[in-house]
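This report concerns only the one structure given below.
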Amino acid sequence: MALVSATEMLQKAKAGHYAVGQFNINNLEWTKAILLTAQENASPVILGVSEGAGKYMGGYKTVVGMVNGMLEELNITVPVALHLDHGSYEGCLKCVAAGFSSIMFDGSHYPIEENVAKTKELVKIVAEHGMSLEAEVGAIGGEEDGVIGMGECADPEECKMIADLGIDFLAAGIGNIHGKYPENWAGLSFETLDAIQKLTGDMPLVLHGGTGIPADQIKKAITLGVSKINVNTECQISFTEATRKYFEEGKDLVGKGFDPRKVLAPGFEAIKATVKEKMELFGSVGKA
Ligand code: 13P
């Protein structure tokens, strides 16, 4: 099946009270592990590509070629969207041209008027290409140069303003942050989420920073309209732990254990296990 926009899968998720996972990709192993897990679990899936990861993988066209090739040759029949994560305005235009099926414009650092103006432009462009558009209100915190932001809560009125521009789904800060959560993290602000959902109605809401949010908070967020949950760090941790174990056990020194396909195999399986666990928690298994 060819790439699809994420609009339909997320509208279905919102109506069906489950969430679709966005799993960020870094390379071929990541992509293959996520696609195969989605297929095995009959789950729709969104492959997230940050601007940095896009550059790392050799550019957006390389990513599109790799993903399209896998969809065909691995016989992936579940709905798959290829989505730019936290895109700049210029990055969004590049991904439209490269053949992505979905983009996120992160205008959260602009004054709201500028976020609105740029989002409006992209709504038009995306519609011409049958793609989907995610916008963001209220910056999502995280660790940057050792400074840990606690995660800002979006203003529900601003969320409504952006939601009404014709976007397809909305990321709103509700105390969530990227990366590991600090010990003293206060948890998600369900009050904010509830207020946002009341004003934005059927609009699928996106929860960034999916790594490390306790299962009960994930489930509650889904009941309050979250239909897309982004996970990145957790797959990275699983991959690295499994890879470290391979070396610690000296497996690279046995026979042809140095073969990169052998070295990367435990990490590949670890990503698959993490993605499966998240799909089960989000309720997307069997929803393709
Ligand atoms: P984590 O790395 O915290 O899972 O967040 C992922 C994310 O939100 C990508 O946009």
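The values are calculated or read from the model by the stated rules, or taken from the named source; none is laboratory data. Computed from a predicted structure; not experimentally measured. Cβ coordinates were reconstructed from backbone atoms using ideal geometry, including for glycine residues, and neighbour counts include every protein chain displayed.
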What's the number of the condition Leu84 fails, among (1) modelled with pLDDT under 95; (2) more than 13 Å from Ile167 (Cβ to Cβ); (3) among the hydrophobic types (A, V, I, L, M, F, W, C)?
(1)
Among all residue pairs at least 6 apart or on different chains, which show Cβ distances below 9 Å where the first residue, located in the range 204-226, is within 22 Å of Pro182 (Cβ to Cβ) and the second is within 9 Å of the ligand (Cβ to nearest atom) and of a type in the set (Lys, Arg)?
Thr211/Lys180; Gly212/Lys180
Conditions: (1) without any contact (Cβ under 8 Å) to a residue 40 or more places away in the chain; (2) crowded, with 19+ Cβ neighbours inside 10 Å; (3) touching a strand residue (DSSP E or B) at 6+ places or on another chain (Cβ under 9 Å). Ser238 meets all but one. Number of the miss?
(3)
The range 241-288, residues that are touching a Phe, Trp or Tyr at 6+ places or on another chain (Cβ under 9 Å), within 27 Å of Gly210 (Cα to Cα) and part of a helix (DSSP H, G or I)
Ala242, Ala265, Pro266, Gly267, Phe268, Ala270, Ile271, Thr274, Val275, Lys278, Phe282
Please verify whether Thr211 is within 16 Å of the ligand (Cβ to nearest atom), assigned to a loop (DSSP other than H, G, I, E, B) and of a type in the set (S, T, N, Q), treating the condition exactly as stated.
yes
Might you let me know whether the range 84-96 holds any residue that is part of a helix (DSSP H, G or I) and within 21 Å of Ser238 (Cβ to Cβ)?
no
State which residue is farthest from Ser132 (Cα to Cα) when the search covers only the range 65-79 and only residues that are touching a residue at least 40 places away in the same chain (Cβ under 8 Å) and assigned to a helix (DSSP H, G or I).
Leu71
All positions within the range 224-240 that are of a type in the set (Val, Ile, Thr), more than 10 Å from the ligand (Cβ to nearest atom) and either under 19 Å from the mean Cα position of the chain (by Cα) or part of a strand (DSSP E or B) (or both)
Val226
Here is a list of conditions, (1) within 15 Å of the ligand (Cβ to nearest atom); (2) surrounded by 22 or more Cβ atoms within 10 Å (Cβ to Cβ), and Ser284 meets all of them except one; can you say which number that is?
(1)
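Sort out which residues of the range 171-191 are out of contact with any Leu (no Cβ under 9 Å at 6 or more places or on another chain), more than 13 Å from the ligand (Cβ to nearest atom) and within 25 Å of Phe23 (Cβ to Cβ), and write them in order of number.
Residues of the range 171-191 that are out of contact with any Leu (no Cβ under 9 Å at 6 or more places or on another chain), as a first pass: 173, 177-187, 189, 191.
Retained after the next criterion (residues that are more than 13 Å from the ligand (Cβ to nearest atom)): 183-184, 186-187, 189, 191.
Gly187, Ser189 - these are the residues of the range 171-191 that are out of contact with any Leu (no Cβ under 9 Å at 6 or more places or on another chain), more than 13 Å from the ligand (Cβ to nearest atom) and within 25 Å of Phe23 (Cβ to Cβ).
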Do we have any residue at all in the range 12-28 that's within 16 Å of the ligand (Cβ to nearest atom), closer than 19 Å to Ser102 by Cβ and assigned to a helix (DSSP H, G or I)?
no
